[in-house]
Amino acid sequence: MTVHHIVPPYLLEHLERTADDPNLRARYRLSLQHDAVLRSRPAALGQGSVQLEGTVQSEGDDPGARRVVHDAENGTTLPGPVVRREGDPAVADATVNQAYDGTGATWTMFKECFGRDSVDGAGLPLSSTVHFDHGYANAFWDGAQMVFGDGDGEIFGDFTRSIDVTGHELTHGVTQYTAGLVYEGQSGALNESLSDVFGSLAKQHHLGQTAAEADWLIGAELFRPGVAGVALRSMKAPGTAYDDPRLGSDPQPAHMSSYRETTEDNGGVHLNSGIPNHAFYLVATALGGNAYEAPGQIWYTTLTSGNLTPSTTFEAFATATHATAETLFGPSSPEATAVQTAWQSVGVLPTAPPEPPSPESVELMRAANTSLPLNAPPAAPAAPAPETAAGGGEGN
């Protein structure tokens with residue numbers, strides 16, 4: 001199980017190179033070091049004291065979210081002291097309350113839209129730790145819990161502010177307990193994309209937004225004032241989320257023609273996720289209404305079907321979502337058509353081959369090629385010239 005971070009390493013590396021303030025460079029370097037250590041050690045598997053403390057549910061209890069928020073107190077020991085449990089009133093620390101609310105909004109979306117009880121489908125308590133380290137510019141899911149940094153204060157603010165970020169990281173848990181997509185190459189990019197999809201749906205569901213009303217941004221609340229960017233990623237227009245001298249330009253592709261082959265970022269998992277992200281956006285906006293209804297149901301059913309392999313490719317996932325749409329809504333349904341068209345639009349599925357010509361069109365083509373008038377029989381042959389009478393002529 002891999003630890004999943006919302007901010008890709010290439011972005012933090014760029015910030016470390018471009019920051020003028022040596023203190024900021026040190027913060028980015030430390031964030032990268034923490035991330036590297038976390039990625040290299042075995043992740044938790046959702047079975048420890050982190051999520052059990054203060055959240056034990058007795059048999060017969062009413063089902064519901066079971067949240068517990070811890071405070072690392074700017075240290076790196078996890079999970080830290082408990083500062084708020086399920087049902088407790090809000091506390092003075094806004095960061096604690098935002099973590100509590102974000103995990104609750106994500107749990108509610110999965111429960112109300114897809115009937116799923118927590119990330120494991122069986123009521124796993126949702127544990128979060130806030131105030132991780134000093135100026136930590138990231139948030140992550142470690143296999144058992146969410147961990148939030150406070151941001152560096154220059155580029156990034158508090159990572160608990162974005163519901164879609166919380167939803168993104170918790171969806172890594174859903175994928176962990178279902179398809180188990182390997183976090184590398186195309187399967188890793190699908191892993192990232194699914195987290196963006198359901199992170200965005202958690203925000204849309206919480207705000208009561210339709211597909212047309214949603215911003216389709218991931219991490220829109222993260223950037224500090226003065227940053228030339230709107231979010232970490234845009235599902236509507238991958239590659240346009242930011243363009244800032246300190247951050248660089250958003251490198252996400254939106255089409256397979258621009259797919260990035262790289263050995264960095266686990267084979268481009270945060271980069272190439274823009275392609276399936278855009279496909280989902282196209283499906284949702286083509287169908288209209290609430291994206292967490294038909295489009296979300298198609299993606300969720302595909303993820304949890306048991307038919308995906310850990311190394312599923314873009315094409316295999318696209319084919320699976322189209323088959324799911326046909327099963328749920330019918331082969332000729334608008335839903336199935338929207339899914340097929342979206343994957344074709346981003347270059348993952350080939351466009352349909354042209355239909356064979358009809359016999360009538362074949363005859364028309366033959367007529368055109370032989371310069372014959374259309375819908376008219378061939379002209380009759382010319383009459384022969386009259387013959388001269390035998391032996392005719394004077395002097396014979």
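Go through segment 276-298 and give me each residue that's in contact with a helix residue (DSSP H, G or I) (Cβ under 6 Å, 6 or more places away or on another chain) and within 20 Å of Ile218 (Cα to Cα).
Pro276, Asn277, Ala279, Phe280, Leu282, Val283, Ala284, Ala291, Tyr292, Pro295, Gly296
Select, from Asp215, Asp164, the only residue that is surrounded by fewer than 24 Cβ atoms within 10 Å (Cβ to Cβ) and modelled with pLDDT of 95 or more.
The unique qualifying residue is Asp215.
Please go through segment 197-218 and give me each residue that is at positive phi and touching a strand residue (DSSP E or B) at 6+ places or on another chain (Cβ under 7 Å), ordered by number.
Scanning segment 197-218 gives a single hit, Trp216.
Would you check which residues across segment 303-317 are surrounded by fewer than 23 Cβ atoms within 10 Å (Cβ to Cβ) and assigned to a helix (DSSP H, G or I) and list them?
Thr304, Glu315, Ala316, listed by residue number.
Looking only at segment 318-331, which residues are of a type in the set (A, V, I, L, M) and either open to solvent by 20 Å² or more (accessible area, probe 1.4 Å) or farther than 21 Å from Glu184 by Cβ (or both)?
If the condition is that a residue be of a type in the set (A, V, I, L, M) and either open to solvent by 20 Å² or more (accessible area, probe 1.4 Å) or farther than 21 Å from Glu184 by Cβ (or both), then Ala320, Ala323, Ala325, Leu328 are the ones that fit.
Would you confirm whether or not segment 249-258 contains a residue that is of a type in the set (Asp, Glu) and either within 15 Å of the chain's Cα centre (by Cα) or open to solvent by 60 Å² or more (accessible area, probe 1.4 Å) (or both)?
No, because not a single residue in segment 249-258 is of a type in the set (Asp, Glu) and either within 15 Å of the chain's Cα centre (by Cα) or open to solvent by 60 Å² or more (accessible area, probe 1.4 Å) (or both).
Please work out which residue is farthest from His206 (Cα to Cα), limiting yourself to segment 263-298 and to residues that are in contact with a Leu (Cβ under 7 Å, 6 or more places away or on another chain) and open to solvent by less than 50 Å² (accessible area, probe 1.4 Å).
This residue is Asp265.
Output the number of residues of segment 196-251 satisfying the condition of being out of contact with any Lys or Arg (no Cβ under 8 Å at 6 or more places or on another chain), of a type outside the set (Ser, Thr, Tyr) and in a helix (DSSP H, G or I).
10
Is at least one residue of segment 173-180 farther than 28 Å from Thr129 by Cβ and surrounded by fewer than 19 Cβ atoms within 10 Å (Cβ to Cβ)?
No, the conditions are met nowhere in segment 173-180.
Cβ-Cβ under 7 Å, sequence separation 6+ or interchain: first residue in segment 295-317 and more than 17 Å from Trp343 (Cα to Cα) and among the hydrophobic types (A, V, I, L, M, F, W, C), partner open to solvent by 20 Å² or more (accessible area, probe 1.4 Å) and not in a loop (DSSP other than H, G, I, E, B). Which pairs?
Listed pairs, sorted by first residue: Leu308/Ala320.
I'm told Leu124 meets every condition in (1) open to solvent by less than 10 Å² (accessible area, probe 1.4 Å); (2) at pLDDT 95 or above; (3) in a loop (DSSP other than H, G, I, E, B); (4) of a type in the set (A, V, I, L, M, F, W, C) except one. Can you identify the failing condition by its number?
The one condition Leu124 does not meet is (1).
Determine the pairs where a residue that is buried (at least 18 other Cβ atoms within 10 Å of the Cβ), located within segment 82-108, has a partner that is modelled with pLDDT under 95 and outside any helix (DSSP H, G or I) with Cβ atoms under 6 Å apart, the partner being 6 or more residues away or on another chain.
Gly104/Ala65; Trp107/Ala65
Mind checking which residues of segment 279-300 are aromatic (Phe, Trp, Tyr) and part of a helix (DSSP H, G or I)?
Those that are aromatic (Phe, Trp, Tyr) and part of a helix (DSSP H, G or I): Phe280, Tyr281, Trp299, Tyr300.
Please give the number of the condition Ala144 fails out of (1) at pLDDT 95 or above; (2) in contact with a Ser or Thr (Cβ under 9 Å, 6 or more places away or on another chain); (3) open to solvent by less than 20 Å² (accessible area, probe 1.4 Å).
Answer for Ala144: the failing condition is (1).
For segment 12-33, name all the residues that are surrounded by 21 or more Cβ atoms within 10 Å (Cβ to Cβ) and under 26 Å from the mean Cα position of the chain (by Cα).
Those that are surrounded by 21 or more Cβ atoms within 10 Å (Cβ to Cβ) and under 26 Å from the mean Cα position of the chain (by Cα): Leu12, Leu15, Tyr28, Ser31.
In segment 74-93, which residues are in a loop (DSSP other than H, G, I, E, B), under 14 Å from Ser128 (Cβ atoms) and in contact with a His (Cβ under 8 Å, 6 or more places away or on another chain)?
Across segment 74-93, the qualifying residues are Leu78, Pro79, Gly80, Pro81.
Which pairs turn up if I take residues in segment 5-32 that are part of a helix (DSSP H, G or I) and look for partners that are surrounded by 19 or more Cβ atoms within 10 Å (Cβ to Cβ) and of a type in the set (Ser, Thr, Tyr) with beta carbon separation below 7 Å, at least 6 apart in sequence or on another chain?
From residues that are part of a helix (DSSP H, G or I), the pairs are Leu12/Tyr28; Leu12/Ser31; Leu15/Tyr28; Glu16/Tyr28; Ser31/Tyr136.
Given the conditions (1) of a type outside the set (Lys, Arg); (2) at pLDDT below 95; (3) open to solvent by less than 10 Å² (accessible area, probe 1.4 Å); (4) under 21 Å from Leu24 (Cα atoms), and given that Gly135 satisfies all but one, which numbered condition is not satisfied?
Just one mismatch for Gly135, condition (3).
The values are calculated or read from the model by the stated rules, or taken from the named source; none is laboratory data. Small disclaimer: the values here were computed from a predicted structure and weren't measured. Every residue, glycine as well, gets a Cβ built from its backbone with ideal geometry; the counts of neighbours run over all protein chains shown. In case anyone asks, the SASA skips ligands and DNA or RNA and just uses the protein heavy atoms, side chains included. Shrake-Rupley method; radii C 1.70, N 1.55, O 1.52, S 1.80 Å.
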